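Working notes, beginning with the structure itself.
The values are calculated or read from the model by the stated rules, or taken from the named source; none is laboratory data. Keep in mind the model is a prediction, meaning the values are calculated, not measured. What goes into the accessible areas is simple: the full protein's heavy atoms, side chains included, and nothing from ligands, DNA or RNA. Shrake-Rupley method; radii C 1.70, N 1.55, O 1.52, S 1.80 Å.
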Amino acid sequence: MLRPKIPTMPTPTGHTATPAVVEPTAVIPTTQTPPPVPMAPAPSRPTVQLTPGTVIALVGGGTAVVLAVGAVLVSMLLAVAITGASVAVCAVVLRSLLASDAKRR
(Lines give C-alpha, C1' and ligand atoms only; values in the text may rest on other atoms or scores of the structure.)
Protein backbone atom coordinates (compact mmCIF):
# COMPACT_ATOMS: atom_id res chain seq x y z
CA MET A 1 0.00 0.00 0.00
CA LEU A 2 1.01 3.58 0.37
CA ARG A 3 3.75 4.20 2.91
CA PRO A 4 4.72 7.69 3.99
CA LYS A 5 8.31 8.77 3.60
CA ILE A 6 9.75 10.02 6.86
CA PRO A 7 12.13 12.94 6.27
CA THR A 8 15.66 12.59 7.58
CA MET A 9 17.11 15.14 9.95
CA PRO A 10 19.47 17.43 8.00
CA THR A 11 23.05 17.54 9.21
CA PRO A 12 24.30 20.93 10.39
CA THR A 13 26.72 22.74 8.13
CA GLY A 14 29.44 25.24 9.01
CA HIS A 15 31.15 25.64 12.36
CA THR A 16 29.73 23.73 15.24
CA ALA A 17 30.97 24.54 18.71
CA THR A 18 31.73 21.69 21.03
CA PRO A 19 29.76 21.86 24.25
CA ALA A 20 31.61 23.51 27.10
CA VAL A 21 32.29 21.44 30.20
CA VAL A 22 30.78 22.99 33.32
CA GLU A 23 32.64 22.18 36.51
CA PRO A 24 30.77 22.32 39.81
CA THR A 25 31.84 24.93 42.34
CA ALA A 26 31.74 24.73 46.11
CA VAL A 27 28.74 26.30 47.81
CA ILE A 28 29.59 28.27 50.93
CA PRO A 29 26.60 28.85 53.21
CA THR A 30 26.20 32.41 54.44
CA THR A 31 23.60 34.16 56.53
CA GLN A 32 20.57 34.83 54.45
CA THR A 33 19.24 38.33 54.25
CA PRO A 34 15.55 38.73 53.53
CA PRO A 35 14.82 40.08 50.08
CA PRO A 36 13.88 43.76 50.03
CA VAL A 37 10.18 44.48 50.11
CA PRO A 38 9.09 45.72 46.68
CA MET A 39 7.78 49.24 46.73
CA ALA A 40 4.46 49.97 45.10
CA PRO A 41 5.11 51.77 41.83
CA ALA A 42 3.87 55.30 41.58
CA PRO A 43 0.85 55.62 39.28
CA SER A 44 2.00 56.59 35.82
CA ARG A 45 -1.15 58.60 35.13
CA PRO A 46 -3.57 60.40 37.40
CA THR A 47 -6.89 58.88 38.39
CA VAL A 48 -10.02 59.99 36.57
CA GLN A 49 -11.96 62.67 38.39
CA LEU A 50 -15.70 62.62 37.75
CA THR A 51 -17.09 66.11 37.85
CA PRO A 52 -20.82 66.86 37.62
CA GLY A 53 -20.31 67.92 34.00
CA THR A 54 -18.71 64.64 32.99
CA VAL A 55 -21.39 62.64 34.80
CA ILE A 56 -24.10 64.51 32.91
CA ALA A 57 -22.22 63.96 29.64
CA LEU A 58 -21.89 60.21 30.34
CA VAL A 59 -25.57 59.89 31.23
CA GLY A 60 -26.56 61.84 28.13
CA GLY A 61 -24.33 59.72 25.89
CA GLY A 62 -25.67 56.51 27.38
CA THR A 63 -29.24 57.69 26.92
CA ALA A 64 -28.54 58.58 23.28
CA VAL A 65 -27.05 55.13 22.63
CA VAL A 66 -30.01 53.38 24.25
CA LEU A 67 -32.49 55.45 22.22
CA ALA A 68 -30.63 54.82 18.96
CA VAL A 69 -30.45 51.06 19.54
CA GLY A 70 -34.11 51.01 20.58
CA ALA A 71 -35.13 52.89 17.43
CA VAL A 72 -33.26 50.40 15.24
CA LEU A 73 -34.81 47.41 17.00
CA VAL A 74 -38.32 48.86 16.83
CA SER A 75 -37.94 49.64 13.13
CA MET A 76 -36.77 46.08 12.45
CA LEU A 77 -39.74 44.70 14.39
CA LEU A 78 -42.07 46.98 12.46
CA ALA A 79 -40.60 45.81 9.14
CA VAL A 80 -41.17 42.18 10.10
CA ALA A 81 -44.75 42.92 11.18
CA ILE A 82 -45.56 44.76 7.93
CA THR A 83 -44.06 41.93 5.87
CA GLY A 84 -46.09 39.35 7.77
CA ALA A 85 -49.30 41.34 7.31
CA SER A 86 -48.71 41.76 3.57
CA VAL A 87 -48.04 38.02 3.17
CA ALA A 88 -51.27 37.29 5.06
CA VAL A 89 -53.26 39.64 2.78
CA CYS A 90 -51.74 37.99 -0.31
CA ALA A 91 -52.69 34.57 1.04
CA VAL A 92 -56.30 35.65 1.62
CA VAL A 93 -56.55 37.13 -1.88
CA LEU A 94 -55.11 34.02 -3.50
CA ARG A 95 -57.43 31.82 -1.49
CA SER A 96 -60.50 33.80 -2.55
CA LEU A 97 -59.37 33.75 -6.19
CA LEU A 98 -58.88 30.00 -6.14
CA ALA A 99 -62.19 29.43 -4.36
CA SER A 100 -64.17 31.58 -6.85
CA ASP A 101 -62.46 29.82 -9.76
CA ALA A 102 -63.46 26.43 -8.35
CA LYS A 103 -67.12 27.53 -8.01
CA ARG A 104 -67.39 28.48 -11.71
CA ARG A 105 -66.48 25.01 -12.94
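For the chain, restrict the atom set to alpha-carbon positions and state the Rg and Dmax in Å.
Computed over the Cα atoms of the chain, radius of gyration and Dmax are 40.5, 115 Å.
Helix 52-104: angle to the longest alpha-carbon principal axis of the chain, degrees 0 to 90, nearest 10?
40
Of all the accessible heavy-atom surface of the chain, with the other protein chains kept in place and a 1.4 Å probe, what percent is carbon and sulfur?
Answer for the chain: carbon and sulfur cover 72 percent of the accessible area.
Once phi is turned into θ = phi - 60°, what whole-Hz ³J(HN,Hα) does the Karplus curve with 6.51, -1.76 and 1.60 give for every residue of the stretch 26-37, x standing for Gly and Pro?
6, 9, 9, x, 10, 5, 8, 9, x, x, x, 6
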